[in-house]
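These notes are about the structure you will find just below.
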Amino acid sequence: QVQLVESGGGLVQAGGSLRLSCAASGRTFSTYAMGWFRQAPGKEREFVAAISWRGANSYYADPVKERFTISRDNAKNSAYLQMNNLKPEDTAVYYCAADRLGLGSVVAGPYDYWGQGTQVTVSS
């Protein structure tokens, strides 16, 4: 069992930056791929970024490429999402998720554990 807790959300002006953190419990964190998803009001949850268990491979949704960076620190049981040049359309609840297969997926189905989410609001 893995428990995930996101933090770092908040209100920021367009063009600003935020760094989301995802703290994981459990000794097997380093074997899990980690992903970030987001859900805006009235919309379905969508993929943002993912990173494989060793951090060798990362994947990004087109709208966030060149602006967001996913990373992980297995020694700290944590994953991160650095978000730069934020836009109002990035406003959403952001969720981190863990995938036991360890490869990273751009769809939600393979993820086994989810955090409770953290709100990111970008004002124009």
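Some points to look at:
- Strands (runs of 3 or more DSSP E) completely within region 1-57 that count 2 or more residues being hydrophobic (A, V, I, L, M, F, W, C) and more than 16 Å from residue 122 (Cβ to Cβ): 4-7, 18-24, 33-39, 46-51
- If the condition is being assigned to a strand (DSSP E or B) and open to solvent by 30 Å² or more (accessible area, probe 1.4 Å), then region 62-73 contributes 69, 71, 72, 73.
- When residues of region 78-124 are limited to those that are of a type outside the set (Ser, Thr, Tyr) and touching a Cys at 6+ places or on another chain (Cβ under 9 Å), the one nearest to residue 29 (Cα to Cα): 98
- Residue in region 106-124 that is among the charged types (D, E, K, R), assigned to a strand (DSSP E or B) and in contact (Cβ under 8 Å) with a residue 24 or more places away in the chain present: no
- Scanning region 80-124 for residues that are open to solvent by 40 Å² or more (accessible area, probe 1.4 Å), under 18 Å from residue 59 (Cα atoms) and touching a helix residue (DSSP H, G or I) at 6+ places or on another chain (Cβ under 9 Å) turns up just one, 100.
- From 32, 59, residue being free of Cβ contacts under 8 Å to residues at least 60 places away in the same chain, closer than 20 Å to residue 108 by Cβ and either of a type in the set (Ser, Thr, Tyr) or open to solvent by 50 Å² or more (accessible area, probe 1.4 Å) (or both): 59
The values are calculated or read from the model by the stated rules, or taken from the named source; none is laboratory data. Given the structure is predicted, the values throughout are model-derived calculations rather than measurements. Ideal geometry is used to build each Cβ from the backbone, glycine not excepted, and the neighbour counts take in all protein chains shown. Protein only, heavy atoms only, side chains kept; ligands, DNA and RNA dropped before computing areas. Shrake-Rupley method; radii C 1.70, N 1.55, O 1.52, S 1.80 Å.
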